[in-house]
Amino acid sequence: RRLSRRPPVTLLDVFLQHARRRPRQPLLLFQDEIYTFEDVDRLSNRAAWALSRRLGLRSGRTVAVFLPNQPAYLWTWLALAKLGCPMACLNCNVRGRALRHALEAASATVVLASPGEKGQWGIGEHWEHGKLGTPRLSPWCWPAPARGDNGGLGGFGSVGGLGTP
């Protein structure tokens, strides 16, 4: 029913509505950390700012996301939705040909990955040796911020290049 509306109501719309109505309500429990709607909204805004300013992401640019199951995945997804960037979700368990196929099928120009994914899952060799078949692909590390981090990206953490093929 919501999708039949014009414009359709998206998950981002629903999240923002909840964040306005109940900002201090817990949204996510991860290990011993509790993130409220307000926390996640603030972190996704910082991530959107960082992705826009540091990587020049604009609406319509597809971004491949190669992150493990951690809170940063949620606010990265929300940040990309806020920017209007389609997100290609990459399974952290794929390697080799399957990973290459997923990246090529996504037609992404940027890959966001946590620092540990580069070497741990074999994605680094494809980036460093230019084996992806997508010459415009630009990989970036996307570390999760520590609580209270007030780093160079307005408290979000840091974005750093891994190099291009």
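The values are calculated or read from the model by the stated rules, or taken from the named source; none is laboratory data. Everything quoted here is computed from the prediction, not taken from an experiment. Cβ atoms come from the backbone with ideal geometry, glycine included; neighbour counts cover every protein chain shown. All accessible areas refer to the heavy atoms of the entire protein, side chains included, with ligands and DNA or RNA removed. Shrake-Rupley method; radii C 1.70, N 1.55, O 1.52, S 1.80 Å.
Observations
- Virtual paramagnetic centre 7 Å along Cα→Cβ of S59, amide N under 15 Å, in the stretch 73-100: 80-86
- Ranked order, S44, S59 - accessible area, probe 1.4 Å, largest first: S59, S44
- In this label model, H101 and N69 are separated by 2.4 nm, measuring between points 7 Å along each Cα→Cβ vector.
- For the stretch 1-78, diffusion coefficient by Stokes-Einstein and Kirkwood Rh (Cα), 25 °C, 0.890 mPa s, µm²/s: 175 µm²/s
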